[in-house]
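The values are calculated or read from the model by the stated rules, or taken from the named source; none is laboratory data. Values in this document were obtained by computation on a predicted structure and should not be read as measured data. Here the Cβ positions follow ideal geometry from the backbone for every residue, glycine too, while neighbour counts run over all protein chains shown.
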Amino acid sequence: MATRQFFDTYETLAAALSSAIEVQGLTAEQVAKRARVDVSFVHDLQQARPQRQMGKTLDVLDVLDIQPYALPAPPPPARRPLRRAS
């Protein structure tokens, strides 16, 4: 049965993810393989590093049978400086 959770910060998401991995007796590598993401992505989530790839985040949570009510907003894209016309 899926666990429905509200994640208002990356820290709460990281805590729930790490707890679920431990409770289910999985490794980050196993979760990454099942979610079809790189293991560094799972590690970044566990370290509460903001992610722009919400689809991948949802894939990882799905592997752990976690259904979020809400996720923290992704960080804004990096802004490139405008080039001046010559």
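For residue 70, the test of being at pLDDT below 95, touching a Leu at 6+ places or on another chain (Cβ under 8 Å) and surrounded by fewer than 18 Cβ atoms within 10 Å (Cβ to Cβ) is failed. Within segment 1-52, if we keep just the residues that are among the basic types (Lys, Arg) and not in a loop (DSSP other than H, G, I, E, B), the residue that is nearest to residue 69 (Cα to Cα) turns out to be 4. Of all the residues in segment 28-46, those that are among the polar types (S, T, N, Q) and surrounded by 12 or more Cβ atoms within 10 Å (Cβ to Cβ) number 2. Looking across segment 53-67, the residues that are under 10 Å from the mean Cα position of the chain (by Cα) and either at pLDDT 90 or above or part of a strand (DSSP E or B) (or both) come down to 55, 56, 57, 58, 59, 60, 61.
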